[in-house]
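Chemist: Attaching a single structure in structure tokens format; questions to follow.
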Ligand SMILES: CCCCCCCCC[C@H](O)CC(=O)SCCNC(=O)CCNC(=O)[C@H](O)C(C)(C)COP(=O)(O)OP(=O)(O)OC[C@H]1O[C@@H](n2cnc3c(N)ncnc32)[C@H](O)[C@@H]1OP(=O)(O)O
Ligand SMILES: NC(=O)c1ccc[n+]([C@@H]2O[C@H](COP(=O)([O-])OP(=O)(O)OC[C@H]3O[C@@H](n4cnc5c(N)ncnc54)[C@H](O)[C@@H]3O)[C@@H](O)[C@H]2O)c1
């Protein structure tokens, strides 16, 4: 393959008169412009050759196609590639050349047919797949819309309601479901895929099988009035669930146009809005997130050295509390045998009970069978001592946040565990060097920082000290992948990356209410911005015990930039400690529904008198934009410090850490991406102004000042910073 081209297709014509065109663009046979233009040439040749009666399209190496090459969108956004004429691929090539051809085509689908891949197959006259195939239109997840006719053909093949479900949720279906929906014509074993597809294609030629153009089907479409009602409902749901995004509604416009005015008009609308969505900021953010998420596992100096992950056969977890039980759940769900150690029978039973409850909730929801539950639980063994640790390959310590206890545990682990065993801690704040101080095993000590609930939250911060070996990082990256977490490798410091970014967020919110802003309006503005909840609701959820423990770490380690608010400690004194006590910033009913509490004022006023601050009329009347900036610019400031210190190697890692660890809205691209959309100069100037009025909590860091002075993006690589990785 020419190194300048991205992928190709090859065509082989068999003695049976079937031309097999294979999509080749590893690793997922994405449809790059090169692949698409090659496909067009192959097709034209197949149509012009007298020895070709029918065509089969398939993908190389067990994958049909993962869809349009997503980097192509980036090229168009950056202007490094000229956008083809609107509708050129979907109408001129896929519809008028392929689907309307006078020779039939069959898609032979193995592995995956996603996005443009599934759309290409839907333009074929039949689809044969293997049992494991995944079929879906996940485009909305990327900020784009199905743009190769998917908005028109999918409803005609599977019905409007199912098509809307598949498109709006971005979730794929398996082959069997695809078959029962009418998306797939036959499911056959892998070894029979091509022969069946060839035969099917010839059967169409010989009229033994129907020659179906999906675009012309109408039997699955509801009557117009009903279709309009269904679409109206879908629009309402979409507005509620994705209020800050335009592209899902634009996608519905294309669907509706096809139903109301016919498929050709629908295709034209799809092409028109498909082209418009590419330049939306939310689309840029989501595409950035797609690649950044995959980039987190690429750690310079670690993953580029040819190291192969060692097999982790057995894991031990110390502490079966909230975190330990969640981590154990995540591991056994991915078939790792786990030993859970606790301090006594009662706590052990409680820990195992929590794991059981985590799995039972899946059984109740129907996502796990009873047999699978039993089998998964059988991977978990309890222990009250270290005897069974003699053959474990990794230990994850998850006991309470107490340095001397953790130090003792690591010293014990060194005695009982084999020499190769990875010694990981789930600490959220403590310096790992301190934890390993009483051992000689610094090279195998690492942080495995899960987020609560550990079996649900997708992020795993892998914390590396100066001594942690590259092999240990590679091993943990592999475990992370196997338990379906997105790992972000960070350096060792108080709070690592996520908690360091989180802290100024809640602190800024406390500062604002002490100076007169309304906490409930702050929460509302931040939810509207796209966070799952505002900082006050979050503090209630986490519990004030954890909030105070974290604050203490920050006050000790970063005193110069910590805003010391007494609101939470004052409430804690009155035994209102958040949602668990039914009282915090909000009051909670039996159903955990939160409602504002007029008594909160009392605590705010008392905290204000302790801190000596005054109500500031400007802060009482903040606009939503100002609330967002005053809470998130301090986060950007801290993210800049984390980046400059080399705690994160890439700004994009902080974007993923913020999205997956803090709930930052993915369509804003992550904290650094969002900051760059506003510009370093603007952020610097705002922080600088606030720091002059309100103090050092807002003071812009040197990195931000430097980038602002050059007008440089915050996400540009740090050349000079001494990377800790
Ligand atoms: C204005 C006119 C422009 C032209 C018209 C455009 C119209 C577009 C029409 C079309 O409807 C749009 C699309 O098709 S958008 C793409 C839709 N497809 C997807 O969203 C699938 C995305 N990929 C995945 O979900 C997963 O990668 C996977 C396919 C399920 C595989 O998962 P797995 O865990 O095995 O591997 P990963 O680590 O995720 O990926 C491996 C590497 O492959 C890269 N990659 C995956 N998919 C694509 C893709 N579609 N385009 C480009 N690259 C892709 C991924 O980045 C990984 O790369 P590495 O370098 O990290 O190895
Ligand atoms: N709670 C969170 O949201 C969260 C998030 C990320 C990380 N963390 C970190 O995870 C760790 C655990 O937190 P948690 O919330 O699960 O605490 P927890 O109090 O719920 O659980 C701790 C458990 O450790 C057990 N334990 C104590 N000493 C032990 C010993 N010597 N051997 C075995 N078990 C022992 C206790 O009996 C208890 O069940 C802490 O370091 C915390 O900072 C917590």
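Chemist: When residue 353 is evaluated against the numbered criteria (1) more than 12 Å from ligand 2 (Cβ to nearest atom); (2) at pLDDT 95 or above; (3) under 22 Å from residue 456 (Cβ atoms), which criterion, by number, is the only one it fails?
Modeler: (1)
Chemist: Select from region 124-133 the residues that are within 16 Å of ligand 1 (Cβ to nearest atom) and free of Cβ contacts under 8 Å to residues at least 60 places away in the same chain and list them in ascending order.
Modeler: Kept after step one, since they are within 16 Å of ligand 1 (Cβ to nearest atom), are these residues of region 124-133: 124, 129-130, 132-133.
If the condition is that a residue be within 16 Å of ligand 1 (Cβ to nearest atom) and free of Cβ contacts under 8 Å to residues at least 60 places away in the same chain, then 132 is the only one that fits.
Chemist: For region 1-20, enumerate the residues that are within 34 Å of the chain's Cα centre (by Cα) and closer than 19 Å to residue 101 by Cβ.
Modeler: To start, the set of residues in region 1-20 that are within 34 Å of the chain's Cα centre (by Cα) comprises 1-9.
The one that is within 34 Å of the chain's Cα centre (by Cα) and closer than 19 Å to residue 101 by Cβ: 9.
Chemist: Another question, if that's okay. Only one of (1) under 30 Å from residue 464 (Cβ atoms); (2) in a helix (DSSP H, G or I); (3) more than 16 Å from ligand 2 (Cβ to nearest atom); (4) in contact with a helix residue (DSSP H, G or I) (Cβ under 6 Å, 6 or more places away or on another chain) is not met by residue 297, so which one is it?
Modeler: Among (1) under 30 Å from residue 464 (Cβ atoms); (2) in a helix (DSSP H, G or I); (3) more than 16 Å from ligand 2 (Cβ to nearest atom); (4) in contact with a helix residue (DSSP H, G or I) (Cβ under 6 Å, 6 or more places away or on another chain), the lone unmet condition for residue 297 is (2).
Chemist: Sticking with this structure for a sec: Select from region 135-158 the residues that are surrounded by fewer than 24 Cβ atoms within 10 Å (Cβ to Cβ) and near ligand 1 (Cβ under 7 Å from one of its atoms) and list them in ascending order.
Modeler: Selection gives 138, 141, 142.
Chemist: Which residue out of 326, 320 is under 30 Å from residue 497 (Cβ atoms) and either within 13 Å of ligand 1 (Cβ to nearest atom) or outside any helix (DSSP H, G or I) (or both)? Break it down stepwise before answering.
Modeler: Values: 326 fails: either within 13 Å of ligand 1 (Cβ to nearest atom) or outside any helix (DSSP H, G or I) (or both).
From the options 326, 320, the qualifying one is 320.
Chemist: A further question on this structure: As an exercise: evaluate residue 309 against (1) within 16 Å of ligand 1 (Cβ to nearest atom); (2) in contact with a strand residue (DSSP E or B) (Cβ under 7 Å, 6 or more places away or on another chain) and give the number of the one condition it does not meet.
Modeler: (2)
Chemist: When you look at residue 121, is it out of contact with any helix residue (DSSP H, G or I) (no Cβ under 8 Å at 6 or more places or on another chain), within 13 Å of ligand 1 (Cβ to nearest atom) and part of a helix (DSSP H, G or I), yes or no?
Modeler: Details: out of contact with any helix residue (DSSP H, G or I) (no Cβ under 8 Å at 6 or more places or on another chain): yes; within 13 Å of ligand 1 (Cβ to nearest atom): yes; part of a helix (DSSP H, G or I): yes.
Here the answer is yes, as residue 121 does meet what is asked.
Chemist: Continuing with this model, one more query. Quick test for you: out of 344, 358, pick the one residue that is over 25 Å from residue 459 (Cβ atoms) and touching a residue at least 40 places away in the same chain (Cβ under 8 Å). Outline the logic, then answer.
Modeler: Working: 358 fails: over 25 Å from residue 459 (Cβ atoms).
It is 344.
Chemist: Only one of these is in contact with a helix residue (DSSP H, G or I) (Cβ under 7 Å, 6 or more places away or on another chain), at positive phi, assigned by TED's automatic domain parsing to the domain that holds residue 70 and away from ligand 2 (no atom under 16 Å from the Cβ): 147, 111. Name it.
Modeler: On the way: 147 fails: at positive phi.
Testing whether each residue is in contact with a helix residue (DSSP H, G or I) (Cβ under 7 Å, 6 or more places away or on another chain), at positive phi, assigned by TED's automatic domain parsing to the domain that holds residue 70 and away from ligand 2 (no atom under 16 Å from the Cβ) leaves just 111.
Chemist: Condition first: at pLDDT below 95, away from ligand 1 (no atom under 16 Å from the Cβ) and more than 30 Å from the chain's Cα centre (by Cα). Can you find one or more residues in region 419-433 that meet it?
Modeler: Yes, because at least one residue in region 419-433 is at pLDDT below 95, away from ligand 1 (no atom under 16 Å from the Cβ) and more than 30 Å from the chain's Cα centre (by Cα).
Chemist: Which of the residues belonging to region 545-571 are buried (at least 20 other Cβ atoms within 10 Å of the Cβ) and modelled with pLDDT of 95 or more?
Modeler: Hits for region 545-571 are 567, 568, 571.
Residue-wise test of (1) at pLDDT 95 or above; (2) near ligand 1 (Cβ under 9 Å from one of its atoms); (3) part of a helix (DSSP H, G or I); (4) buried (at least 20 other Cβ atoms within 10 Å of the Cβ).
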| residue | (1), (2), (3), (4) |
| --- | --- |
| 74 | no, no, yes, no |
| 82 | no, no, no, no |
| 86 | yes, yes, no, no |
| 90 | yes, yes, yes, yes |
| 95 | yes, no, yes, yes |
| 98 | yes, no, yes, yes |
| 101 | yes, no, no, no |
| 107 | yes, no, no, yes |
| 113 | yes, no, no, yes |
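Chemist: Now a separate question. Residues 435, 403: which one is farther than 23 Å from residue 346 by Cβ and either surrounded by 19 or more Cβ atoms within 10 Å (Cβ to Cβ) or more than 14 Å from ligand 2 (Cβ to nearest atom) (or both)? It would help to see each step written out before you state the result.
Modeler: Numbers: 403 fails: either surrounded by 19 or more Cβ atoms within 10 Å (Cβ to Cβ) or more than 14 Å from ligand 2 (Cβ to nearest atom) (or both).
Matching residue, one of 435, 403: 435.
Chemist: Given 352, 396, which one is over 29 Å from residue 431 (Cβ atoms), buried (at least 19 other Cβ atoms within 10 Å of the Cβ) and either in contact with a strand residue (DSSP E or B) (Cβ under 6 Å, 6 or more places away or on another chain) or in contact (Cβ under 8 Å) with a residue 60 or more places away in the chain (or both)?
Modeler: Values: 396 fails: over 29 Å from residue 431 (Cβ atoms).
Selected residue: 352, the only one of 352, 396 that is over 29 Å from residue 431 (Cβ atoms), buried (at least 19 other Cβ atoms within 10 Å of the Cβ) and either in contact with a strand residue (DSSP E or B) (Cβ under 6 Å, 6 or more places away or on another chain) or in contact (Cβ under 8 Å) with a residue 60 or more places away in the chain (or both).
Chemist: May I ask you to list the residues in region 39-72 that are within 12 Å of ligand 1 (Cβ to nearest atom) and more than 35 Å from the chain's Cα centre (by Cα)?
Modeler: Passing the criteria: none in range.
Chemist: In addition: Condition test on residue 571, is it farther than 30 Å from residue 432 by Cα and assigned to a helix (DSSP H, G or I)? Before you say what the answer is, go through the steps one by one.
Modeler: Working: farther than 30 Å from residue 432 by Cα: yes; assigned to a helix (DSSP H, G or I): yes.
For residue 571, the condition - farther than 30 Å from residue 432 by Cα and assigned to a helix (DSSP H, G or I) - is met.
Chemist: Using the structure shown, decide if residue 161 is more than 16 Å from ligand 2 (Cβ to nearest atom) and either part of a loop (DSSP other than H, G, I, E, B) or surrounded by fewer than 20 Cβ atoms within 10 Å (Cβ to Cβ) (or both). Please lay out each step first, then the result.
Modeler: Values: more than 16 Å from ligand 2 (Cβ to nearest atom): yes; either part of a loop (DSSP other than H, G, I, E, B) or surrounded by fewer than 20 Cβ atoms within 10 Å (Cβ to Cβ) (or both): yes.
Answer is yes for this residue.
The values are calculated or read from the model by the stated rules, or taken from the named source; none is laboratory data. All of these numbers come straight from a predicted model, not from anything done at the bench. For neighbour counting, all protein chains shown are included, and Cβ atoms are generated from backbone atoms with ideal geometry for every residue, glycine included.
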